[in-house]
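The values are calculated or read from the model by the stated rules, or taken from the named source; none is laboratory data. Fair warning: this is a prediction, and the values are worked out from it, not measured in the lab. Neighbour counts are summed over all protein chains in view; Cβ atoms, including those assigned to glycine, are modelled from backbone coordinates with ideal geometry.
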């Protein structure tokens, strides 16, 4: 299947990081589009790391996008604003193509944190500045790998991650704990959320998988068919290619989840 690849810049003059790539198959046969947010500790990473996954999505007939966001000189609030701007521009593109406004948002690690807020919080609800061209379209699905369920400190938190979380929050926890509450996914869990699928590595060492399992239980109690699955022998941030058996398994599980056939 042939593909069309395009990069969409949000600003003129250009602003580094405010760009997303769109991979379009020759024939779009899936109603759901996929919007991907890379990880990298909030200060590193690139949209290009998911090009292989995007091509695999194209081969299954999905229109796919992968976004960057600013990495330096900003906090998570500005990064979330960047994501909302990219997502909003992606909505405009779907409208131009007369496509359904049905989007699955995928995020990994720091990208899962930002993506989860995009999915579950309304524009501006976290305290970010948001200027949208379109009426807000809530994502239809969330696909989250290596996700921090909260931005508050937990027992035995990995020290490097806690340092990174305080850095991207823009203040220490002691000086402004409210910032951390506003950046916490668990604050935005409610009946209006879409279904979430948490993909967890057996060897996850940064964000406790047990905490996302609790979020899934809350969703299920609300009647939301969210799911949670552990991938054996996998490590933090494992879903970056399809070379390994468990990576291919995760990809197939994502496709099942988007069909309502809930894996795991």
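Just the residues that are closer than 11 Å to residue 200 by Cα and not in a loop (DSSP other than H, G, I, E, B), please, taken from segment 228-245.
We begin by selecting, within segment 228-245, every residue closer than 11 Å to residue 200 by Cα; these are 228-239.
Passing the criteria: 228, 229, 230, 231, 232, 233, 234, 235.
Restricting attention to segment 45-55, does a residue exist that is closer than 18 Å to residue 116 by Cα and touching a helix residue (DSSP H, G or I) at 6+ places or on another chain (Cβ under 8 Å)?
Taking every residue of segment 45-55 in turn, at least one turns out to be closer than 18 Å to residue 116 by Cα and touching a helix residue (DSSP H, G or I) at 6+ places or on another chain (Cβ under 8 Å).
Quick one: which of 31, 68, 88 is in contact (Cβ under 8 Å) with a residue 40 or more places away in the chain, closer than 24 Å to residue 242 by Cβ and out of contact with any strand residue (DSSP E or B) (no Cβ under 9 Å at 6 or more places or on another chain)?
Details: 68 fails: out of contact with any strand residue (DSSP E or B) (no Cβ under 9 Å at 6 or more places or on another chain); 88 fails: closer than 24 Å to residue 242 by Cβ.
Going through 31, 68, 88 in turn, the sole match is 31.
Name the single residue that is surrounded by the fewest Cβ atoms within 10 Å (Cβ to Cβ) among those in segment 101-128 being in contact with a strand residue (DSSP E or B) (Cβ under 8 Å, 6 or more places away or on another chain) and farther than 23 Å from residue 165 by Cα.
Going residue by residue through segment 101-128, those that are in contact with a strand residue (DSSP E or B) (Cβ under 8 Å, 6 or more places away or on another chain) are 102-109, 111-116, 118-120.
Going one step further and asking which of them are farther than 23 Å from residue 165 by Cα, we end up with 102-104.
On the way: 102: 15, 103: 23, 104: 25.
Taking the candidates together, the pick is 102.
Condition check: in a helix (DSSP H, G or I) and either touching a strand residue (DSSP E or B) at 6+ places or on another chain (Cβ under 8 Å) or under 17 Å from residue 108 (Cα atoms) (or both). Does residue 251 satisfy that?
The answer is yes for residue 251.
Hey, any hits in segment 14-22 for a residue that's over 12 Å from the mean Cα position of the chain (by Cα), surrounded by fewer than 16 Cβ atoms within 10 Å (Cβ to Cβ) and touching a residue at least 24 places away in the same chain (Cβ under 8 Å)? Working first, answer last.
So the first thing to find is which residues in segment 14-22 are over 12 Å from the mean Cα position of the chain (by Cα), and the list is 14-22.
Filter again for surrounded by fewer than 16 Cβ atoms within 10 Å (Cβ to Cβ), leaving 14-16.
Those still in the list that are touching a residue at least 24 places away in the same chain (Cβ under 8 Å) too: 15-16.
There is at least one residue in segment 14-22 that is over 12 Å from the mean Cα position of the chain (by Cα), surrounded by fewer than 16 Cβ atoms within 10 Å (Cβ to Cβ) and touching a residue at least 24 places away in the same chain (Cβ under 8 Å).
Is there any pair linking a residue in segment 129-153 that is over 24 Å from residue 229 (Cα atoms) to one that is at pLDDT below 95 and surrounded by fewer than 24 Cβ atoms within 10 Å (Cβ to Cβ), with Cβ under 9 Å and at least six apart or on different chains, and which?
So the pair list comes out as 136/130.
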